[in-house]
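Asks: Quick one: this structure, given as structure tokens, is what I'll be asking you about.
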Amino acid sequence: MNGFDNKNSKHRKIGEDGRRLAGFTRSLEQRVWRIKVRVLNMLSRNSEKQILLRRPVMKKRMTQLSLAACLVIASSVICLAFIKNEPAAEDERECTLIVGKTDVPAGMVALEIDLPPFVFEGTRKNLEGIENLEEPRAKGQTRPTMLVPAGTMNVALGKTVTSTSYTPIVGVLADITDGEKFGDGYVELDPFEQSITIDLGASYEIYAIALWHYHKYKCVYFDMVVQTADDPDFIMNVNTLFNNDIDNTHGLGIGKDKNYVESYEGKLIDAKGTAARYVRFHSNTNTLNDFNHYIEVEVYGKQGGQ
Ligand SMILES: [Ca+2]
Ligand SMILES: [Ca+2]
């Protein structure tokens, strides 16, 4: 074999090795491709299972994250309130919460009101669509405690009541200040715009008023205006303590207070120490009928007003 033949023989051998190597490479690529397909299929099936498994976990985590976010926001708001450290405005006194004994200013005490038993019949369906209705209190939240000067007492108990409805349809006017607050012991006045006036017998510094209309059912009394004055004709030193007559039905001014749902707690109004002898309560129908009802009115005050 000459050199040329040797060279050809080497070239053939290299060619055969190259073809075997190419075949092996293709085989290897096919195996790798098949393994890749299997792995992808397995991953796909597993991911579906994991999604199904993770959904409740994710929900739980989202809830936890939401709660954490709420806590952070609430903490921030509380911190900002403390940082600002601004004294409560006069109009915000009703919202003063007693957190601890140190928060009660000297000479002030928490107003204690003797509440009647909780009574509720019927549904809230008739409250749908009422304009200017205050939001219900959050579940578990109690009414903010009102602070009043020590010695403040109900100065309306047993006092004389007069009304534009001279003779009530049900009950007598004296029932409104007799201390009885149960749901059935109500006084029914004539329909539409009516008022009652309590003569305290002397001038008092009035700090709070608690008022019960009919609270056995969830109902709303409209166009409520509460005023004080030095005289029975309400000419001298007239002050408006509450007014939700937003369209001025009574002609006493446009009210900015909210309608509210009657309850055994009654309506608590901050009177801010207003000095007066006479207190008048206006109303105009309710969600159940066209009449006006009162179960009890309490006026918390101290002697010292003019
Ligand atoms: Ca009564
Ligand atoms: Ca009105």
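Asks: Which members of the stretch 221-264 meet the condition of being of a type in the set (A, V, I, L, M), more than 11 Å from ligand 2 (Cβ to nearest atom) and over 27 Å from the mean Cα position of the chain (by Cα)?
Replies: We begin by selecting, within the stretch 221-264, every residue of a type in the set (A, V, I, L, M); these are 224-226, 229, 235-236, 238, 241, 246, 252, 254, 261.
Okay, now just the ones that are also more than 11 Å from ligand 2 (Cβ to nearest atom), so 226, 229, 235-236, 238, 241, 261.
Hits for the stretch 221-264 are Ala229, Ile235, Met236, Val238.
Asks: Mind checking whether some residue in the stretch 211-218 is of a type in the set (Lys, Arg), within 16 Å of ligand 1 (Cβ to nearest atom) and either closer than 19 Å to Asn289 by Cβ or surrounded by fewer than 19 Cβ atoms within 10 Å (Cβ to Cβ) (or both)?
Replies: Taking the stretch 211-218 and keeping what is of a type in the set (Lys, Arg), we get 216, 218.
Then keep just the ones that are within 16 Å of ligand 1 (Cβ to nearest atom); that gives 216.
So of that shortlist, the ones also either closer than 19 Å to Asn289 by Cβ or surrounded by fewer than 19 Cβ atoms within 10 Å (Cβ to Cβ) (or both) come out as 216.
Yes, that holds for at least one residue.
Asks: Out of (1) farther than 18 Å from Ala156 by Cα; (2) more than 16 Å from ligand 1 (Cβ to nearest atom); (3) modelled with pLDDT of 95 or more, what's the single condition that is false for Val261?
Replies: Result: Val261 passes all but (3).
Asks: Let me ask you something else. Checking the structure you have, find out if any residue of the stretch 159-171 is in the same structural domain as Gly107 (by TED's automatic domain parsing) and within 16 Å of ligand 2 (Cβ to nearest atom). Show your work before the answer.
Replies: The initial filter retains those residues of the stretch 159-171 that are in the same structural domain as Gly107 (by TED's automatic domain parsing), namely 159-171.
From what's left, within 16 Å of ligand 2 (Cβ to nearest atom): none.
Scanning the stretch 159-171 turns up no residue that is in the same structural domain as Gly107 (by TED's automatic domain parsing) and within 16 Å of ligand 2 (Cβ to nearest atom).
Asks: Ok, one more. Collect the residues in the stretch 189-213 that are at positive phi and outside any loop (DSSP other than H, G, I, E, B), keeping them in residue-number order.
Replies: Looking only at the stretch 189-213, we keep the residues that are at positive phi, and these are 192, 201.
Scanning the stretch 189-213 gives a single hit, Gly201.
Asks: Another question, if that's okay. Within the stretch 181-210, count every residue that is touching a strand residue (DSSP E or B) at 6+ places or on another chain (Cβ under 7 Å), within 16 Å of ligand 1 (Cβ to nearest atom) and among the acidic types (Asp, Glu).
Replies: Number of matching residues: 1.
Asks: Which count do you get for residues in the stretch 275-306 that are of a type in the set (Ser, Thr, Tyr) and in contact with a Gly (Cβ under 8 Å, 6 or more places away or on another chain)? Explain how you work it out, then say what you get.
Replies: First, the residues of the stretch 275-306 that are of a type in the set (Ser, Thr, Tyr): 278, 283, 285, 287, 294, 300.
Still in the running and in contact with a Gly (Cβ under 8 Å, 6 or more places away or on another chain): none.
Counting residues in the stretch 275-306 that are of a type in the set (Ser, Thr, Tyr) and in contact with a Gly (Cβ under 8 Å, 6 or more places away or on another chain) gives 0.
Asks: Then there's this: Looking only at the stretch 214-224, decide whether some residue is in a strand (DSSP E or B), of a type outside the set (Lys, Arg), over 25 Å from Leu147 (Cβ atoms) and at pLDDT below 95.
Replies: Step one: filter the stretch 214-224 for residues in a strand (DSSP E or B), giving 217, 221.
Add one more test, that the residue is of a type outside the set (Lys, Arg), and what stays is 217, 221.
Still in the list and also over 25 Å from Leu147 (Cβ atoms): 217, 221.
Next cut, at pLDDT below 95 only: 217.
Yes - at least one qualifying residue is present in the stretch 214-224.
Asks: On the basis of being touching a Leu at 6+ places or on another chain (Cβ under 8 Å) and either away from ligand 1 (no atom under 16 Å from the Cβ) or not assigned by TED's automatic domain parsing to the domain that holds Phe120 (or both), does Thr145 make the cut? It would help to see each step written out before you state the result.
Replies: Values: touching a Leu at 6+ places or on another chain (Cβ under 8 Å): yes; either away from ligand 1 (no atom under 16 Å from the Cβ) or not assigned by TED's automatic domain parsing to the domain that holds Phe120 (or both): yes.
Yes; evaluated as a whole, the condition is true for this residue.
Asks: Based on what the data block shows, is Thr228 more than 24 Å from Lys272 (Cβ to Cβ) and free of Cβ contacts under 8 Å to residues at least 60 places away in the same chain? Full working, then the answer.
Replies: Values: more than 24 Å from Lys272 (Cβ to Cβ): no; free of Cβ contacts under 8 Å to residues at least 60 places away in the same chain: yes.
So Thr228 does not fit the description; no.
Asks: With the requirement that a residue be exposed (fewer than 15 other Cβ atoms within 10 Å of the Cβ) and among the small types (Gly, Ala, Ser), what does the stretch 173-183 give you?
Replies: Ala174, Gly179
Asks: Look at Lys267 and say whether it is basic (Lys, Arg), within 16 Å of ligand 2 (Cβ to nearest atom), in the same structural domain as Glu135 (by TED's automatic domain parsing) and modelled with pLDDT of 95 or more. Show your work before the answer.
Replies: Values: basic (Lys, Arg): yes; within 16 Å of ligand 2 (Cβ to nearest atom): no; in the same structural domain as Glu135 (by TED's automatic domain parsing): yes; modelled with pLDDT of 95 or more: yes.
No, not satisfied.
Asks: Can you name every residue in the stretch 184-195 that is more than 13 Å from Val170 (Cβ to Cβ) and surrounded by 17 or more Cβ atoms within 10 Å (Cβ to Cβ)?
Replies: Matches in the stretch 184-195: Glu193, Gln194, Ser195.
Asks: Okay, moving on. Among the residues of the stretch 264-282, which ones are more than 17 Å from Asp114 (Cα to Cα) and within 16 Å of ligand 1 (Cβ to nearest atom)?
Replies: Val279, Phe281
Asks: While we're looking at this one, here's another question. Could you check Gln303 against (1) at pLDDT 95 or above; (2) under 26 Å from Asp114 (Cβ atoms) and say which number it fails?
Replies: Exception for Gln303: condition (1).
Asks: A further question on this structure: Yes or no: Gly179 assigned to a loop (DSSP other than H, G, I, E, B) and not polar (S, T, N, Q)?
Replies: Details: assigned to a loop (DSSP other than H, G, I, E, B): yes; not polar (S, T, N, Q): yes.
In short, yes.
The values are calculated or read from the model by the stated rules, or taken from the named source; none is laboratory data. Only a predicted model underlies this, so the values are computations on that prediction, with no experimental measurement involved. Glycine gets a Cβ as well: all are built from the backbone with ideal geometry, and neighbour counts include every protein chain shown.
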